[in-house]
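Working notes for the structure below.
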Amino acid sequence: MSNKDYHVRFKNVQKSYDGKTLVVKDLNLDIEKGKFVTMLGPSGSGKTTCLMMLAGFESTTHGEIVLNGKPINKIPPHKRGIGMVFQNYALFPHMSVAQNLAFPLEVRKFGKAEVEEMVKSALDMVQMGAFIDRYPGQLSGGQKQRIALSRALVFKPELVLMDEPLGALDKQLREQMQYEIKHIHEQLGVSVVYVTHDQAEALTMSDQIAVFNDGIIQQLASPADLYERPENSFIAQFIGENNQLEGVIEKTNKNIAQVKLKNGEKVSALMVDVKDKGEKTLLSIRPERVVINPKASKNSQALEGKVLELIYLGDHIRCRMMVAQNDQFIVKVPNSSFHAQLKEGESVKLSWDKNDCRALKP
Amino acid sequence: MVFRSDEGVGLRKKLLRAERRKKFEALGLIAPLLLVMLVFYFVPIAMMLFRSIDNSQMARILPQTSEAIQTWSGEGLPDEATYAAILGDMKIAYEEKTLAKAGRRLNFDLVGYHSLLLKTGRKVEQIVEPPYKETLIALDKKWGDVRYWTVMERGLKDTTMMYLLAAVDLRYDDDNKIVKVPEQEAIYISIISRTVYISLSITILTLILGFPVAYYMANAKPRTRNLLMIVLLLVFWTSLLVRTLSWILVLQNNGVVNNLLMFSGIISQPLDLVFNRFGVYVAMTHVLLPFMVLPLYSVMRAIPSDYVRAARSLGAKSITAFIRVYLPQTLPGIGAGALMVFIQALGYYITPALVGGPRDQMVSYFVAFFVNEQVNWSMASALGVTLLILTGSLYLIFGKRVNIANMKLG
Ligand SMILES: Nc1ncnc2c1ncn2[C@@H]1O[C@H](COP(=O)(O)OP(=O)(O)OP(=O)(O)O)[C@@H](O)[C@H]1O
Ligand SMILES: [Mg+2]
């Protein structure tokens, strides 16, 4: 692999603010040109810190960040050509929209006519052409967001960093902006590093998601892989909803393990990061992959479940069950005439494909 | 429809009643403060304004004259009745010893009046028979001079612009027109412009010194910031007099600075560092510095670091980011600080009086001079009014822009 395919590489990067604790422990991340990479993680997991190191506002304590094949600490922040969208927009309050957008062009000494044209086309891209003479104080949150976005793009950077850019918007606007940002990314072909702690947002927008926790990347994968194939119990819990069953591996056969659950029932599961007989494991199954009252099939297995609570949610019914001594076992039952009508207190048979049941280290 | 509009009126009334009650409550809460402000702030200012034009004491001292002179056309000498009236008035005023007061007041307008009144007053007993006009003129030619009567007529009005005019080097001439005073007597305009000049210099000095301090404080760690804040506020905890006097100790000929410089051989003669303009600048800058730093600091604290970072990421060098993005956002702080320092400097008295020389005194010094030494409250008030007008117009011009109402301290 040559460096050139990568826009940004984090190599064994560490960061400490106070000299005692590492906020970023050992970060290795390669970002391909033109990709939309999202850093996803709980609050305080070091996402902003990584972005700030990349943008040049924080130094790395150890390790190296490489931008376009060059170590980044050799390039001062204003020469990195990185567009940045801040969480609070950071639009200059004393400048009009036009002046805000012209700023990066003026400091690059573009000609007046050129500036005007580029500003106009950048504004049109986010459908904000009519607001060119307003001041930031006269814009709504969503409008500010669009201006901040077009300001970060107006000077045609190859890399754009966005730190929770939609954090302050309401749900509907967020979703609309997610698609717009995604489209702009596809249209311009820039690399985007996007930070969020909203997993739905990460799943919709990204080519790749790096899940942060505890200062390291827990998994770097495409949205589908992340959801379907979590590689450890943190990811399984963090991304989407998962049922967890504790058990011990009884025997292994290639990558399939037979696991004995707390109540003695036995199930087969796909081994992900466990391998030995006798090892403790946490099984994780998506609620929508559980089938109630199954017809027997080769790959499936049956467990006993008792219905504890039914919650009607329109398109599906959420069913809380007691399964293998876990009373928080959730099953999503689609609301259609083909599916079983459940009653609270009833006992039913549950099953799933053994590949959907992942055995992880607890 | 009718029903709805009826209801509407009822609702409106209810709303108004509710709001009126709220207003009364609010008024009740601020009433004590309002009262204090009224008694100790607005009333004295109103009295000062009034004093600067008040002239009613003259008509009290010379009541008959003030009546009689109203028939005078202003051309030629007044009639016999007016002379009789002034004789009568002078007789009483001489006995009641108020004549000198009237004399001083008229002398202010026309030099020589004081001695004229006193001289005439001493002899007024002897004049018992008419014609009074001729007798008086025989006693002193000045009684036959129309100028003295013009001044007398003007001096007997209830109000006078004379003091206010004098405060800006203007006066009435013999024809009752407003003219400039002769150059050698004109001092107040130059004092006022000196006051403005010194205040402006102090403002610029405090800005140059205060800006970096405020910037450092706003970006320092909490502990450093608190320490600096205490050092800054220390200035408020020691009396103005002590601070000013300590500057004399530091700057005087055998003071700390001169001794150090001489000891280290940089100079052989002590430098004149105090009792001149330099001393005034040093001491006043020191005293007024916090008033620049605090508003600046509070504005700077409120500027998120993201703005400069955004500017940098957009391609600006750090100096460009500072000038084009950071500095403009501190303008409200600069404006507020400058206004506070400037307005306070305009009225400064103790510091220039102690560490300045005779040519460094500001308007307030002359206010004090007229109160304490001349016992001329009217002139003191008139100078006060010029200060008030100066401050007021500044406030009107700049106050709106820097939005003083929104300004915070610390
Ligand atoms: N300037 C700083 N000085 C000291 N510690 C800091 C600084 N900035 C961040 N930290 C610490 O570093 C850790 C990671 O912070 P960071 O801002 O990178 O988190 P984040 O993942 O962006 O969180 P969020 O989702 O809440 O924005 C936190 O524990 C935070 O307290
Ligand atoms: Mg963050």
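The values are calculated or read from the model by the stated rules, or taken from the named source; none is laboratory data. Note that this is a predicted model, so its numbers are computed, not measured. Virtual Cβ from ideal backbone geometry, glycine too; neighbours counted across all protein chains shown. Protein only, heavy atoms only, side chains kept; ligands, DNA and RNA dropped before computing areas. Shrake-Rupley method; radii C 1.70, N 1.55, O 1.52, S 1.80 Å.
One table, with the values for the structure above:
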read-out	value
Distance from region B:13-84 to region A:44-70 (C-alpha centre basis), Å	72
Heavy atoms of residue B:215: accessible area, 1.4 Å probe, square angstrom to 10	90
Distant-in-sequence amide H partners of residue A:63 (H built 1.01 Å from N, under 5 Å)	A:14
25 Å Cα-Cα reach of residue B:22 towards lysines, excluding residues that sit fewer than 8 places from it in its own chain	B:13, B:14
Within the accessible area of chain A (1.4 Å probe), percent carbon and sulfur	48
Rounded to 5, the percent of DSSP beta bridges in the protein assembly as shown classed as antiparallel	75
Cα convex hull volume per residue for region A:3-235 (Å³)	129
Spatial extent of region A:156-312: Rg and Dmax, with the Cα atoms as the point set, Å	19.8, 62
Apportionment of accessible area to carbon and sulfur, region B:253-410, percent (1.4 Å)	64
All aspartates and glutamates inside 15 Å of residue B:157 as judged from Cα atoms, apart from same-chain residues fewer than 8 positions distant	B:54, B:67, B:109
Using distinct alpha-carbon pairs, which all enter the 1/r mean, Kirkwood radius of chain B in Å	26.8
Rounded tilt (10° steps) of A:97-106 against the dominant C-alpha axis of chain A	70
Packing rank of B:325-331, A:88-94, where each peptide gets the mean count of other beta carbons within 10 Å, highest leading	A:88-94, B:325-331
Over region B:188-409 - Rg/Rh using Cα atoms and the Kirkwood inverse-distance radius	1.04
The protein assembly as shown - Rg and Dmax from Cα coordinates, angstrom	43.3, 148
Other-chain or far-sequence residues with amide H under 5 Å of residue A:219's (modelled H)	A:211
Mean Kyte hydropathy of 0.0 or more with a Cα span along the axis of at least 20 Å, helices from DSSP in chain B	B:2-37, B:80-95, B:188-219, B:222-237, B:277-301, B:327-346, B:377-394
Degrees, to the nearest 10: A:112-125 long Cα axis against longest axis of chain A	20
Average other protein chain Cβ within 10 Å of Cβ, residues B:297-307	2
Cβ charges +1 (Lys, Arg) and -1 (Asp, Glu), total dipole of region A:148-199, debye	140
Percent breakdown of C-alpha pair distances by 10 Å bin, ordered from the shortest bin, for region B:57-153	17, 57, 26, 0
Cα-derived Rg to Rh of region A:241-360, Kirkwood definition	0.98
Buried area at the B-A interface (accessible, heavy atoms, 1.4 Å probe, summed, Å²)	1800
Only Lys, Arg (+1) and Asp, Glu (-1) charged, at Cβ; chain B dipole about Cα centre in debye	2800
Dimensionless Rg over Rh [region A:130-233; C-alpha; Kirkwood]	1.01
Fraction of antiparallel bridges per DSSP, region A:3-235 only, in percent to nearest 5	50
Separation of alpha-carbon centers, region B:153-180 and region B:252-309, rounded to whole Å	44
Over 20 Å between alpha carbons, listed pairs A:112/A:182; A:260/A:354; A:74/A:112; B:97/B:133	A:112/A:182; A:74/A:112; B:97/B:133
